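Chemist: One structure is given below, represented as structure tokens, and several questions about it will come after.
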Amino acid sequence: MKKIIALIAFISCFSCKKIEGTTSDTVQKTPKVTEIKNDIERIEPPYWWTGFKNTKLQLLVKHPNIAEATPAISNNNINIEKVQKGESPNYLFIDLDISKNTKPGKFNIEFKFENDKKLIQTYHLKERTKAAKDYIGFDSSDVLYLITPDRFANAKPENDTFQNLNETTINRKDNYARHGGDITGITDHLDYIDEMGFTAIWSCPLLTNDMKRGSYHGYAITDYYQVDPRFGTLAEYKELADKANDRGIKLIMDQIANHCGLEHWWMKDLPFNDWVNYQKEFENGEKTTFSNHRRTSNQDMYASKSDKEGMTNGWFVETMPDLNQRNPYMANYIIQNSIWWIESLGLSGIRQDTYPYPDKEFMSNWAGAIMTEYPNFSIVGEEWSYNPLLIGYWQKGANNKDGYESNLKSTMDFAMQRKTVEALTEKESWDKGLVKIYEGLANDFQYANPKDIMIFPDNHDMSRIFTQLKGDIADTKMALSYQLMLPRIPQLYYGTEILMNDFAKPGDHGLIRTDFPGGWEGDKINAFTGKGLTADQKDMQSYLKKLLNFRKNSKAIHEGETVHFAPFMGTYFLFRTLGDETVVHIINKNEQPITINLKRYAEMNLTGKTLKNVITGSTFMWNDAIELKEKGSIILYSIEN
């Protein structure tokens, strides 16, 4: 099966019998399209581009009884290499080879039936707007701002509801209903995001989730090629990408290869008998078989076959059918869909949801296909594990005993997220407290490229960091500043800067994803302007703004050497150095003033040098000792004496 997947993956060349067309790479005259025809119900991808390294394209064609038709193409530089009927009579899959000499433009696909009936579909091959090498991904110089778009800002109330969709209302008092946030709401507040110091935006999925309830989050996609109209249009999504790019802000798209929403259009007429996992049981109305969620079975050399299959094949939840990436047509569909969005929007990265759940050989092919076309792109995969061995397994270049190569640049550091909380909430002892982050960071020897791993204090699926740290502002500042100093790619969730929390019901997803104040007309509090914020909220917002904008320009943090010292007397010192630049991060958990002898850190060669406090702007001469007057973090950087 692995050989089959590798053979059919988008990065491979099809070796199938030619059905129509020519194999010549010579530019030949082709009939000019004089009238746009759209006789076919659905064709995906809806358009494509010339100029890819991989010249193959597979079209999914959906139309009543289309399997009875024979397709032909009017462009002499495009060959039909194979036509595959679905097991439903309403599908055809057409494998094309697009000659490297093919010019951008429109051509017709003609579908001929035995009764002389004919359908015509005009297809568009576009010209690429920029070179593949110019799709620059996110890296350790960036800080990502994670947004749940339904809860960020509602710029266009007129697109809040659509009567042709399953969920036809909004209700801001219901944490699991839609609230009306949209794409333009993000675009309109790029000033705020930019001024705060964020360099990239990761929005939760913006594609259509035409579910009956609770799909405001975006993870139950029902059309992989359509922007949810309640969020906006493709043009508005592109406008967000373009305007963000004008400011040097990168756009990361949240994608889901593991599952779709139960109301996806194909669930009513599946093309093959193995399009989704446990398909027969679903079609017979039987009880859903859920994933066993035993993610270690991906690496476990002793794992049973049933455990492995139970992990990969089971559905995530009842309303999210599990896609079968071992079906070669599904595999191509997902890969092409990712490339379509990269090219359509000019993306800088993808965040792939539930990374360990799909077929792992497919995931390697998926990431490999993307990185082959876009060598400077970035992909981060969600592996919700607190075990660094599992996190490291999925990163490209990992020395895996089973030989697995993921082709995935970045994974998510759930391990350090947990260690950060434990370090600040536990009472100091030999094996508790700050030693958790000291030893946690020591695990970097396991990672192929630690600085490409994504760190975060919280996200859209877990309690807010302010809640996890029991409402302690000093602890929250220490957690944020520490993670922003690490050799990592940091991500912060919207609202962290104003101490948003879920104290009322810790862990409740609807509450975690609270509306950002000021995003709706009539809000009494406006975090974009500061109106109505408490003194503590304004202080945290100012604190992060200073820290993020400093980090934006610190090469020592982006790519410098990291040196840390074992916790000492309730303190922990970490240094980032590059050339003449040194950044010092000090965590102090002591409630009372304490003096630390700096001779302990003599190897850092800072004696006699003047350092400046990132937050206060005050200076400090690094000599014999430093007095830490209160609990909290201190960030210092070297300046010329």
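The values are calculated or read from the model by the stated rules, or taken from the named source; none is laboratory data. Quick caveat, the model's predicted, so the values are computed rather than measured. Cβ placement follows ideal geometry from the backbone for every residue including glycine, while neighbour counts extend to all protein chains displayed. With ligands, DNA and RNA removed, areas are computed over all heavy atoms of the protein, side chains included. Shrake-Rupley method; radii C 1.70, N 1.55, O 1.52, S 1.80 Å.
Chemist: Tell me whether region 199-207 contains one or more residues that are among the polar types (S, T, N, Q) and closer than 24 Å to residue 350 by Cα.
Modeler: Checking region 199-207: at least one residue is among the polar types (S, T, N, Q) and closer than 24 Å to residue 350 by Cα.
Chemist: Using the structure shown, decide if residue 424 is in contact with a helix residue (DSSP H, G or I) (Cβ under 7 Å, 6 or more places away or on another chain), modelled with pLDDT of 95 or more and part of a loop (DSSP other than H, G, I, E, B).
Modeler: no
Chemist: Need pairs with beta-carbon distance below 7 Å; first residue within 12 Å of residue 125 (Cα to Cα) and within region 81-104, second open to solvent by 60 Å² or more (accessible area, probe 1.4 Å) and in a strand (DSSP E or B); sequence gap 6+ or separate chains.
Modeler: Pairs found: 104/126.
Chemist: Please work out which residue is farthest from residue 379 (Cα to Cα), limiting yourself to region 97-145 and to residues that are of a type in the set (A, V, I, L, M) and touching an Asp or Glu at 6+ places or on another chain (Cβ under 9 Å).
Modeler: Checking each candidate, the answer is 119.
Chemist: Which members of region 443-469 meet the condition of being assigned to a helix (DSSP H, G or I), under 15 Å from residue 507 (Cα atoms) and open to solvent by 30 Å² or more (accessible area, probe 1.4 Å)?
Modeler: Residue satisfying the conditions is 468 alone.
Chemist: Pull out all pairs, ordered by first then second residue, where Cβ-Cβ is under 9 Å, the residues are six or more apart or on different chains, the first lies in region 615-641 and is closer than 21 Å to residue 424 by Cα, and the second is part of a strand (DSSP E or B) and of a type in the set (Phe, Trp, Tyr).
Modeler: Pairs that qualify, where the first residue is closer than 21 Å to residue 424 by Cα and the partner is part of a strand (DSSP E or B) and of a type in the set (Phe, Trp, Tyr), are 634/620; 636/620; 636/622.
Chemist: Go through (1) farther than 24 Å from residue 335 by Cα; (2) touching a Pro at 6+ places or on another chain (Cβ under 7 Å) and name the single condition residue 230 misses.
Modeler: For residue 230, the exception is condition (2).
Chemist: Could you say which residue among 508, 502, 472 is open to solvent by less than 10 Å² (accessible area, probe 1.4 Å), more than 18 Å from the chain's Cα centre (by Cα) and either under 24 Å from residue 394 (Cβ atoms) or of a type in the set (Asp, Glu) (or both)?
Modeler: 502
Chemist: I would also like to ask the following. Sort out which residues of region 206-227 are under 19 Å from residue 509 (Cβ atoms), without any contact (Cβ under 8 Å) to a residue 60 or more places away in the chain and in contact with a Pro (Cβ under 9 Å, 6 or more places away or on another chain), and write them in order of number.
Modeler: Of everything in region 206-227, those that are under 19 Å from residue 509 (Cβ atoms), without any contact (Cβ under 8 Å) to a residue 60 or more places away in the chain and in contact with a Pro (Cβ under 9 Å, 6 or more places away or on another chain) turn out to be 206, 221.
Chemist: Check residue 368 against each of (1) more than 18 Å from the chain's Cα centre (by Cα); (2) surrounded by fewer than 24 Cβ atoms within 10 Å (Cβ to Cβ) and name the one condition it does not meet.
Modeler: Result: residue 368 passes all but (1).
Chemist: Only residues that are touching a Phe, Trp or Tyr at 6+ places or on another chain (Cβ under 8 Å) and either surrounded by 22 or more Cβ atoms within 10 Å (Cβ to Cβ) or among the aromatic types (Phe, Trp, Tyr) (or both): list them for region 206-217, please.
Modeler: Hits for region 206-217 are 206, 207, 209, 216.
Chemist: Within region 374-394, how many residues turn out to be out of contact with any strand residue (DSSP E or B) (no Cβ under 6 Å at 6 or more places or on another chain) and within 19 Å of residue 325 (Cβ to Cβ)?
Modeler: 1
Chemist: Having 1 or more residues that are over 18 Å from residue 111 (Cβ atoms) is the bar; report the strands (runs of 3 or more DSSP E) wholly within region 43-91 that clear it.
Modeler: In region 43-91, the matching strands (runs of 3 or more DSSP E) lie at 56-62.
Chemist: Additional query: Give me a count of the residues in region 287-334 that are under 20 Å from residue 222 (Cβ atoms) and open to solvent by 70 Å² or more (accessible area, probe 1.4 Å).
Modeler: 1
Chemist: If residue 429 passes every condition in (1) in contact (Cβ under 8 Å) with a residue 12 or more places away in the chain; (2) hydroxyl-bearing (Ser, Thr, Tyr); (3) over 28 Å from residue 377 (Cα atoms) but one, which one does it miss?
Modeler: Exception for residue 429: condition (1).
Chemist: Output the residues belonging to region 116-164 that are of a type in the set (Val, Ile, Thr) and in a loop (DSSP other than H, G, I, E, B).
Modeler: 129, 136, 143, 148, 161, listed by residue number.
Chemist: Restricting attention to region 338-346, does a residue exist that is of a type in the set (Ser, Thr, Tyr), open to solvent by 10 Å² or more (accessible area, probe 1.4 Å), under 30 Å from residue 96 (Cβ atoms) and in contact with a Lys or Arg (Cβ under 6 Å, 6 or more places away or on another chain)?
Modeler: No, every residue in region 338-346 fails to be of a type in the set (Ser, Thr, Tyr), open to solvent by 10 Å² or more (accessible area, probe 1.4 Å), under 30 Å from residue 96 (Cβ atoms) and in contact with a Lys or Arg (Cβ under 6 Å, 6 or more places away or on another chain).
Chemist: Scan region 601-632 for residues that are basic (Lys, Arg) and either over 41 Å from the mean Cα position of the chain (by Cα) or surrounded by 18 or more Cβ atoms within 10 Å (Cβ to Cβ) (or both) and jot them down.
Modeler: Of everything in region 601-632, those that are basic (Lys, Arg) and either over 41 Å from the mean Cα position of the chain (by Cα) or surrounded by 18 or more Cβ atoms within 10 Å (Cβ to Cβ) (or both) turn out to be 609, 631.
Chemist: On to the next question. From the list 237, 278, pick out the single residue that is open to solvent by less than 10 Å² (accessible area, probe 1.4 Å) and hydroxyl-bearing (Ser, Thr, Tyr).
Modeler: Result of the check over 237, 278: 237.
Chemist: Give me a count of the residues in region 64-84 that are buried (at least 19 other Cβ atoms within 10 Å of the Cβ) and of a type outside the set (A, V, I, L, M).
Modeler: Selection size over region 64-84: 5.
Chemist: Residue under question is residue 191, and the condition is that it be assigned to a helix (DSSP H, G or I), at pLDDT 95 or above and farther than 19 Å from residue 342 by Cα; does it hold?
Modeler: yes
Chemist: Hey, does region 157-179 have a residue that's open to solvent by 10 Å² or more (accessible area, probe 1.4 Å), within 21 Å of the chain's Cα centre (by Cα) and either of a type in the set (A, V, I, L, M) or modelled with pLDDT of 95 or more (or both)?
Modeler: For region 157-179, residues open to solvent by 10 Å² or more (accessible area, probe 1.4 Å), within 21 Å of the chain's Cα centre (by Cα) and either of a type in the set (A, V, I, L, M) or modelled with pLDDT of 95 or more (or both): absent.
Chemist: Report, by residue number, each residue of region 191-203 that is open to solvent by less than 10 Å² (accessible area, probe 1.4 Å) and either on the phi > 0 side of the Ramachandran plot or under 19 Å from the mean Cα position of the chain (by Cα) (or both).
Modeler: Result: 193, 197, 198, 200, 201, 202, 203.
Chemist: From 556, 566, grab the single residue that is in contact (Cβ under 8 Å) with a residue 12 or more places away in the chain, surrounded by fewer than 19 Cβ atoms within 10 Å (Cβ to Cβ) and farther than 26 Å from residue 188 by Cβ.
Modeler: Criteria check complete, one pass: 566.
Chemist: Being surrounded by 15 or more Cβ atoms within 10 Å (Cβ to Cβ) and in contact with a Cys (Cβ under 7 Å, 6 or more places away or on another chain), is that true of even one residue in region 95-109?
Modeler: yes
Chemist: Okay, next question. Is it true that residue 216 is touching a helix residue (DSSP H, G or I) at 6+ places or on another chain (Cβ under 9 Å), farther than 19 Å from residue 152 by Cα and of a type in the set (Phe, Trp, Tyr)?
Modeler: Against the criterion (touching a helix residue (DSSP H, G or I) at 6+ places or on another chain (Cβ under 9 Å), farther than 19 Å from residue 152 by Cα and of a type in the set (Phe, Trp, Tyr)), residue 216 does not qualify.
Chemist: If residue 440 satisfies every condition in (1) open to solvent by less than 20 Å² (accessible area, probe 1.4 Å); (2) farther than 18 Å from residue 568 by Cα; (3) not in a loop (DSSP other than H, G, I, E, B) but one, which is the exception?
Modeler: The number of the failed condition is (2).
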